[in-house]
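I have placed the structure first, in the form of structure tokens, so that the comments after it can refer back to it.
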């Protein structure tokens with residue numbers, strides 16, 4: 001399994017006796033950084049075997065040369081604040097969520113730099129070393145990246161990226177509990193909600209920026225683990241500086257540290273990842289001729305897997321014309337972002353600008369380096385590995401002999417154990433059915449067939465070959481189940497459902513007899529059930545369970561009416577399993593997505609016409625509009641419990657709009673007396689809250705005209721006030737009584753989850769009953785309706 005042609009895992013051979021290799025320079029050293037990107041060679045398209053079919057598929061699957069749809073719509077009113085808010089763009093549409101999920105599975109590149117290289121980055125203002133300088137520029141590679149799948153077909157991607165991390169963080173597993181990850185994500189969402197100015201509140205047909213933040217942080221906050229190789233390093237950058245006293249000896253030491261020293265890989269991480277050698281030249285202090293000579297010596301020994309990066313060690317001033325802002329890092333753990341926000345707050349208090357700037361020439365050179373690293377080294381390395389493992393391991397497993405050996409291991413005991421680990425585990429504990437899973441340590445060694453197949457499937461996912469990835473994950477499900485490797489089994493069930501839904505070649509049909517249709521929905525239901533049960537019960541990983549369910553639900557949501565029904569079912573399950581505790585921002589954001597699932601659950605136009613011919617009532621109830629309106633009101637109630645009146649106002653407007661869609665909307669709104677009273681009282685509460693905010697002279701808290709700006713001349717029950725709540729002047733003079741529902745539920749206890757409701761009495765406008773729930777556990781609040789208290793959470 002060792003690579004012989006790409007330099008992966010090979011020690012540096014720096015003896016001068018070796019013959020010189022005539023390596024063509026990819027880019028001239030004195031070339032302008034602005035023109036260097038265009039000089040990079042593009043890899044040719046796929047072989048001519050596919051002919052016109054390749055171009056037809058490319059045109060069918062791509063939108064602007066990318067199948068991920070539109071790019072994020074910039075929203076100027078969020079802007080870039082002094083706290084580097086990640087909500088600078090609002091995702092609009094399901095394609096944005098799909099793009100987010102696709103980009104979350106990006107290759108991880110470790111960075112191991114010398115002391116001189118880290119010192120150069122610190123001089124430029126990057127206190128965390130050289131890796132913090134590279135991280136913002138790896139998430140979006142300039143230009144299109146060409147990737148070949150397992151069939152030889154080529155695809156170009158304009159949103160490809162990699163994640164630069166410290167090599168120690170990439171190979172060392174950190175003991176982080178899933179509950180801590182969820183708490184950090186909750187605190188992060190709370191921080192950005194505190195900064196909400198009321199200028200934008202997403203509707204049920206839009207993607208809330210806070211829900212997008214929830215998904216991205218769940219996908220990027222997981223530390224390196226044993227059961228999935230998505231967070232394991234694909235390559236490692238060994239960087240030295242031109243000011244290093246002994247550069248050759250430093251390269252040897254850094255390689256030794258990555259191979260068998262302090263940064264050596266544990267037994268479950270494949271140590272044969274690609275090594276890439278980087279020479280950082282300081283334009284302000286060092287001689288370019290000496291650096292060029294050293295770089296030529298590196299190329300003679302390492303071939304194409306090396307690069308000369310020219311940077312300036314001087315600090316770029318904020319008002320420098322040649323400077324530009326450093327891009328914001330998107331894929332960052334919630335705990336790391338919270339610590340950065342704390343440091344940013346300290347800088348603001350010291351009257352310092354927290355936004356880092358860099359010279360434009362340095363930024364262009366880093367982007368060129370990132371593109372050359374990905375297009376010429378990482379992608380070919382991953383393609384070669386997939387081809388090797390697919391030919392030597394996966395193809396044999398798919399054949400008759402492979403299936404026979406699998407059945408023999410399961411039932412006959414043939415081939416139990418292996419010579420590698422049988423001696424090591426025979427005295428400790430009996431081996432599993434296949435002999436490759438270490439039940440005591442809880443992992444497969446990196447050189448077992450199960451580990452190679454999982455890594456091949458993860459490589460295919462990162463290169464977006466979802467057909468190969470889904471088939472490999474499905475093949476591994478039986479192996480992990482036989483070995484009772486529960487965390488591995490939960491991981492492959494999660495990734496099998498995600499990659500199957502991400503495959504653009506599959507149609508949206510779930511019942512078609514053709515080979516390109518989706519599997520039956522029972523298959524996804526079974527995989528989600530197995531994954532969530534293993535994550536929660538056997539592994540105690542609530543963050544992984546929540547990530548699994550939410551990502552799958554977002555992909556199911558756009559796959560038709562039945563798939564959307566399954567998505568709403570599992571979104572409700574997350575609340576029932578207490579993955580999102582009550583009275584938290586995560587809970588109410590998921591409730592909003594449940595309403596969105598039900599709102600988009602509509603039959604086609606032909607089915608609607610047929611249903612209307614048969615029965616108008618059946619059509620009215622078929623697309624779950626009532627369910628969507630109910631969950632919108634539930635979200636409004638939850639927002640009011642958290643003190644977020646603008647968000648509650650928007651959700652009530654959504655419910656009103658959904659009820660108006662019904663054929664007999666007046667009967668739907670006013671025919672059920674308790675629901676009508678509930679809407680009136682909840683609307684009354686929101687009016688009072690927003691009215692007090694305006695009375696204090698604060699701006700930016702009003703949400704929508706129906707609830708916030710009523711006609712003061714209207715009377716309760718008139719046509720100008722559709723909810724019959726009266727004028728604002730009358731409302732603000734009414735007494736305020738708080739009453740929370742504590743009625744016991746069937747089987748003991750009190751109302752919880754999505755069954756929680758308020759006790760609302762059918763009172764007149766003169767004596768309204770205001771109901772508010774418990775306050776947020778993240779911060780302590782007073783009574784949001786008391787005028788003498790300062791409530792800054794929503795204004």
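The values are calculated or read from the model by the stated rules, or taken from the named source; none is laboratory data. Predicted model only: the values in this text are computed from it and were never measured. So basically every Cβ, Gly included, is an ideal-geometry build from the backbone, and we count neighbours across all protein chains shown.
At-a-glance table
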quantity	calculated
Condition check for residue 316: farther than 20 Å from residue 123 by Cα, in contact with a strand residue (DSSP E or B) (Cβ under 7 Å, 6 or more places away or on another chain) and buried (at least 20 other Cβ atoms within 10 Å of the Cβ)	no
Qualifying helices (runs of 4 or more DSSP H) (wholly inside the range 100-216; at least 3 residues being under 18 Å from residue 276 (Cα atoms) and in contact with a strand residue (DSSP E or B) (Cβ under 6 Å, 6 or more places away or on another chain))	130-138
Top-ranked residue of the range 536-562 - restricted to ones that are closer than 29 Å to residue 506 by Cα and over 21 Å from the mean Cα position of the chain (by Cα), ranked as surrounded by the most Cβ atoms within 10 Å (Cβ to Cβ)	560
Check on residue 383, touching a strand residue (DSSP E or B) at 6+ places or on another chain (Cβ under 9 Å) and in a helix (DSSP H, G or I)	yes
Any chance residue 457 is more than 30 Å from residue 155 (Cα to Cα), buried (at least 16 other Cβ atoms within 10 Å of the Cβ) and modelled with pLDDT of 90 or more	no
Output for the range 462-479, where each listed residue is without any contact (Cβ under 8 Å) to a residue 24 or more places away in the chain and either in contact with a strand residue (DSSP E or B) (Cβ under 8 Å, 6 or more places away or on another chain) or crowded, with 24+ Cβ neighbours inside 10 Å (or both)	none
Residue match in the range 345-362 (condition: in contact with a helix residue (DSSP H, G or I) (Cβ under 9 Å, 6 or more places away or on another chain), assigned to a helix (DSSP H, G or I), farther than 26 Å from residue 217 by Cβ and in contact (Cβ under 8 Å) with a residue 40 or more places away in the chain)	yes
Matching residues, the range 332-344, being loosely packed, with under 14 Cβ neighbours inside 10 Å and either touching a residue at least 40 places away in the same chain (Cβ under 8 Å) or within 22 Å of residue 130 (Cβ to Cβ) (or both)	339, 343
Selected residue [crowded, with 16+ Cβ neighbours inside 10 Å, touching a helix residue (DSSP H, G or I) at 6+ places or on another chain (Cβ under 8 Å), part of a strand (DSSP E or B) and at pLDDT 90 or above] from 276, 268	276
Test: residue in the range 292-305 that is part of a loop (DSSP other than H, G, I, E, B) and modelled with pLDDT under 90	yes
Positions within the range 576-596 being more than 19 Å from residue 626 (Cβ to Cβ) and part of a helix (DSSP H, G or I), in sequence order	576, 585, 586, 587, 588, 589, 590
Evaluation of residue 163 against (1) touching a residue at least 12 places away in the same chain (Cβ under 8 Å); (2) more than 22 Å from residue 465 (Cα to Cα) (one fails), failing number	(2)
Long-range neighbours under 7 Å by Cβ, at least six apart or interchain, first residue closer than 12 Å to residue 146 by Cα within the range 370-399, second in a helix (DSSP H, G or I)	371/37
Any hit, the range 234-241, residues being in contact with a helix residue (DSSP H, G or I) (Cβ under 9 Å, 6 or more places away or on another chain), closer than 22 Å to residue 450 by Cβ and touching a residue at least 40 places away in the same chain (Cβ under 8 Å)	yes
Residue in the range 283-293 that is more than 19 Å from residue 106 (Cα to Cα), in contact with a strand residue (DSSP E or B) (Cβ under 6 Å, 6 or more places away or on another chain) and either surrounded by 21 or more Cβ atoms within 10 Å (Cβ to Cβ) or free of Cβ contacts under 8 Å to residues at least 60 places away in the same chain (or both) present	yes
Some residue of the range 244-255 being in contact (Cβ under 8 Å) with a residue 24 or more places away in the chain and part of a loop (DSSP other than H, G, I, E, B)	yes
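So that you can scan it fast, the table gives a plain yes or no per residue for (1) closer than 17 Å to residue 661 by Cα; (2) touching a strand residue (DSSP E or B) at 6+ places or on another chain (Cβ under 6 Å); (3) surrounded by 23 or more Cβ atoms within 10 Å (Cβ to Cβ); (4) at pLDDT below 95:
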{"site": "599", "(1), (2), (3), (4)": "yes, no, yes, yes"}
{"site": "602", "(1), (2), (3), (4)": "yes, no, no, yes"}
{"site": "605", "(1), (2), (3), (4)": "yes, no, no, yes"}
{"site": "608", "(1), (2), (3), (4)": "yes, no, no, yes"}
{"site": "613", "(1), (2), (3), (4)": "no, no, no, yes"}
{"site": "622", "(1), (2), (3), (4)": "yes, no, no, yes"}
{"site": "627", "(1), (2), (3), (4)": "yes, no, no, yes"}
{"site": "630", "(1), (2), (3), (4)": "yes, no, no, yes"}
